[in-house]
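**Student:** Got a structure here, written out as structure tokens. Questions coming.
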Amino acid sequence: MKPFFDIQAQYQMYKEEINQAIQEVLDSGNFIMGLQVKMLESELESYTGAKHCVTCANGTDALQIAMMAIGIKPGDEVITTPFTFIATAETIALLGAKPVFVDIEESSFLIDADLIAEKITPRTKAIIPVSLYGQVADMDAINKMAKEHSHKLGHKIYVIEDAAQSFGAEYKGNKSCNVSDIATTSFFPTKPLGCYGDGGAIFTSNDEIAQKMREIRVHGQSKRYYHTSVGVNSRLDTIQAAVLLVKLRYFDQEIEIRRKRAQEYFKQYQGTEIVTPIELQGRKHVYGQYTVRVKDRESFQERLKLQGIPTTIHYPVPLNKQPAFEDKYAFCPVSDRLSDEVLSLPMCLYSE
Ligand SMILES: *Cc1c(COP(=O)(O)O)cnc(C)c1O
């Protein structure tokens, strides 16, 4: 059976350029915060339109650093979706705050903006919508609600987009990572823009928050051996930045291949019992995952397997049902149901 992600095929496409880029880092010896890290941050700022890009070690740390920068602390509540990868809620809990789960929309798998207001309390400090599978949630509605409730509560409710699966996507003409107060992404190899190890980045157009995040990323230091706050060690390796600089040149082309594959799947399954994903009004979906819904998932998965087509389930258990976060007060029937129906199909960008 083919692999679900054709990482090797992609490397073969850009092999010479990537080898050379890595070789340059080896020759320079600047493995930590080398020139390529700065160059990548500046290119990602231009690409997204966000004023600041702060790279870091992975997409999970990106979430944690963003929340540390806005002062999320024990007792705070952060609203998010249960229909996501564990990292979104895990980092909230690691900071001692409480993930408050809001159900999703059936048509898009994204947090239902209409259900957020009823979960806001005086302890709510942030909302983390996840741009799941590569499509941005209803950011205008979410930003507007956060602003209204910030006024009522007398403290700011920040909106943090978890864009780990949606780098390159668009919402009303603006790029994912530039549609909220802060955004985080991941460069894990299988994400839309992936490196060859772990990597991540945080985006904001707020100067003060950007400065805090830069300090937190390196032990809370403002200059060498001077520490203004308690931070972490979470830098992006120069070698990974060099790989990403090469891959960024081909990134828009890859998005178009993803969108073409999606179109082909749509044609193939139109009129069958397989429900294909939709691109919402005003959005550009990058299909970080191509995830369909099917009532009898097991037999469909088995049928594909016999044809040599690998599939994956993103995700089999919603976070409010995970032992780590068990929350019987989080009523999320749509999320519960869809977790039994979703199946991701391979994108195979370069394997044919
Ligand atoms: C992958 C992912 C993360 C975490 O990124 P890592 O780089 O693996 O730490 C966070 N949120 C979502 C939605 C993800 O898909």
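None of the figures in this text is laboratory data; all of them are computed from the coordinates on show. The model shown is predicted, which means the values in this text are computed figures rather than measured ones. All Cβ positions, glycine included, derive from the backbone under ideal geometry; neighbour counts span all protein chains shown.
**Student:** Rounded to the nearest 500, what is the chain's calculated 222 nm mean residue ellipticity when only DSSP H runs of at least 4 contribute -39500 (n - 2.57) each, over all residues?
**Tutor:** Mean residue ellipticity, 222 nm, calculated: -11500 deg cm²/dmol.
**Student:** Okay, moving on. What FRET efficiency, computed as 1/(1 + (r/R0)^6) with R0 = 51 Å and r the Cβ-Cβ distance, is obtained for LYS15 and GLU208, rounded to the nearest 0.05?
**Tutor:** On the way: r = 42 Å, r/R0 = 0.83.
Calculated transfer efficiency: 0.75.
**Student:** Within the stretch 277-330, list the GluC sites (Glu not before Pro) lying in a DSSP loop whose Cβ has at most 13 other Cβ atoms in a 10 Å radius. Walk me through the intermediate numbers first.
**Tutor:** On the way: sites: GLU279, GLU298, GLU302, GLU326; in loops: GLU279, GLU326.
Loop-located and lightly packed - GLU326.
**Student:** Can you flag which of LYS73/LYS223; LYS73/LYS147; LYS73/LYS191; LYS295/LYS321; LYS191/LYS295 are past 23 Å Cα-Cα? Present the calculation step by step, with values, prior to reporting the outcome.
**Tutor:** Values: LYS73/LYS223 25 Å; LYS73/LYS147 21 Å; LYS73/LYS191 29 Å; LYS295/LYS321 20 Å; LYS191/LYS295 27 Å.
Pairs exceeding 23 Å: LYS73/LYS223; LYS73/LYS191; LYS191/LYS295.
**Student:** Grab the other residues whose beta carbon is less than 15 angstrom from that of VAL218, score K and R as +1, D and E as -1, and report the net.
**Tutor:** Numbers: positive: LYS38, LYS212, ARG214, ARG217, LYS223, ARG224, ARG235; negative: GLU41, ASP61, GLU215, ASP237.
Every neighbour counted, the sum reads +3.
**Student:** Give me the distance in nm between label points sitting 7 Å out from Cα along the Cα-to-Cβ direction at HIS151 and PHE266, one decimal.
**Tutor:** 3.8 nm
**Student:** Given the peptides 213-226, 122-135, 66-79, arrange them by the average over their residues of other C-beta atoms within 10 Å, most packed first.
**Tutor:** Working: 213-226: 16.4, 122-135: 24.0, 66-79: 20.4.
Sorting 213-226, 122-135, 66-79 by mean packing, highest first, produces 122-135, 66-79, 213-226.
**Student:** So, one more: Considering only GLN23, PHE300, LEU115, whose Cα is most displaced toward the positive end of the charge dipole of the chain, charges sitting on Cβ of Lys, Arg (+1) and Asp, Glu (-1)?
**Tutor:** GLN23
**Student:** Report for the chain the percent antiparallel among DSSP-assigned beta bridges with both residues inside it, nearest 5. Kindly include the intermediate steps, with their values, before the conclusion.
**Tutor:** Working: 25 of 39 bridges.
Among the beta bridges of the chain, antiparallel pairing accounts for roughly 65 percent.
**Student:** Using the reciprocal of the averaged 1/r over all distinct C-alpha pairs, how large is the Kirkwood radius of the stretch 17-133 in Å? Spell out each step's value before the answer.
**Tutor:** Values: mean 1/r = 0.0602 Å⁻¹.
So the Kirkwood estimate lands at 16.6 Å.
**Student:** On to the next question. Can you sort ILE18, ILE32, ILE309 by how many other beta carbons sit within 10 Å, fewest first? Don't skip to the answer; put the middle values down first.
**Tutor:** On the way: ILE18 18, ILE32 10, ILE309 15.
So the ranking, lowest neighbour count to highest, is ILE32, ILE309, ILE18.
**Student:** Structure shown: which of LYS119/LYS328; LYS51/LYS212; LYS125/LYS172; LYS51/LYS247 lie over 20 Å apart, alpha-carbon to alpha-carbon?
**Tutor:** Distance filter (> 20 Å) returns LYS125/LYS172; LYS51/LYS247.
**Student:** Please rank THR204, THR311, THR228, THR60, fewest neighbouring Cβ atoms within 10 Å first, as an exposure proxy. Before the final figure, lay out each step's value.
**Tutor:** Details: THR204 27, THR311 17, THR228 13, THR60 23.
In increasing order of surrounding Cβ atoms, one gets THR228, THR311, THR60, THR204.
**Student:** Continuing with this model, one more query. Could you tell me the calculated FRET efficiency between LEU35 and PHE4, based on Cβ-Cβ distance and R0 = 25 angstrom, to the nearest 0.05?
**Tutor:** 0.10
**Student:** Per q in 0.16 1/Å, what log10 I(q)/I(0) does a Debye calculation on the alpha-carbon atoms of the stretch 181-264 return?
**Tutor:** -0.75
**Student:** Just flag the trypsin sites (Lys or Arg not before Pro) in the stretch 255-352 sitting in loop per DSSP whose Cβ has no more than 14 other Cβ atoms within 10 Å. Write down the numbers at each step before the final one.
**Tutor:** Details: sites: ARG258, ARG259, LYS260, ARG261, LYS267, ARG283, LYS284, ARG293, LYS295, ARG297, ARG303, LYS305, LYS321, LYS328, ARG337; in loops: LYS295, LYS328.
When the trypsin sites (Lys or Arg not before Pro) of the stretch 255-352 are filtered for loop state and at most 14 Cβ neighbours within 10 Å, LYS295, LYS328 remain.
**Student:** Still on this structure: Would you kindly state how much longer the chain becomes between GLU118 and GLN301 on full extension, computed as 0.36 nm times their sequence separation minus their alpha carbon distance, in nm to one decimal? Please report the intermediate quantities before stating the final value.
**Tutor:** Values: separation 183, 0.36 × 183 = 65.88 nm, distance 3.77 nm.
Difference between extended and current length: 62.1 nm.
**Student:** Just the Cα atoms of the stretch 251-345: what Rg and Dmax do they give in Å?
**Tutor:** 15.3, 44
**Student:** Report the extension gain between LEU26 and ALA324 in nm, rounded to one decimal, defined as 0.36 nm multiplied by the number of residues separating them, less their alpha carbon distance. Show your work: numbers first, answer last.
**Tutor:** On the way: separation 298, 0.36 × 298 = 107.28 nm, distance 4.13 nm.
In short, 103.1 nm is gained.
**Student:** Also: Quick check on the chain: what are the equivalent-ellipsoid semi-axes from the Cα gyration tensor, as sqrt(5λ), descending, whole Å?
**Tutor:** Values: eigenvalues 184, 163, 56 Å².
One finds semi-axes of 30, 29, 17 Å for the chain.
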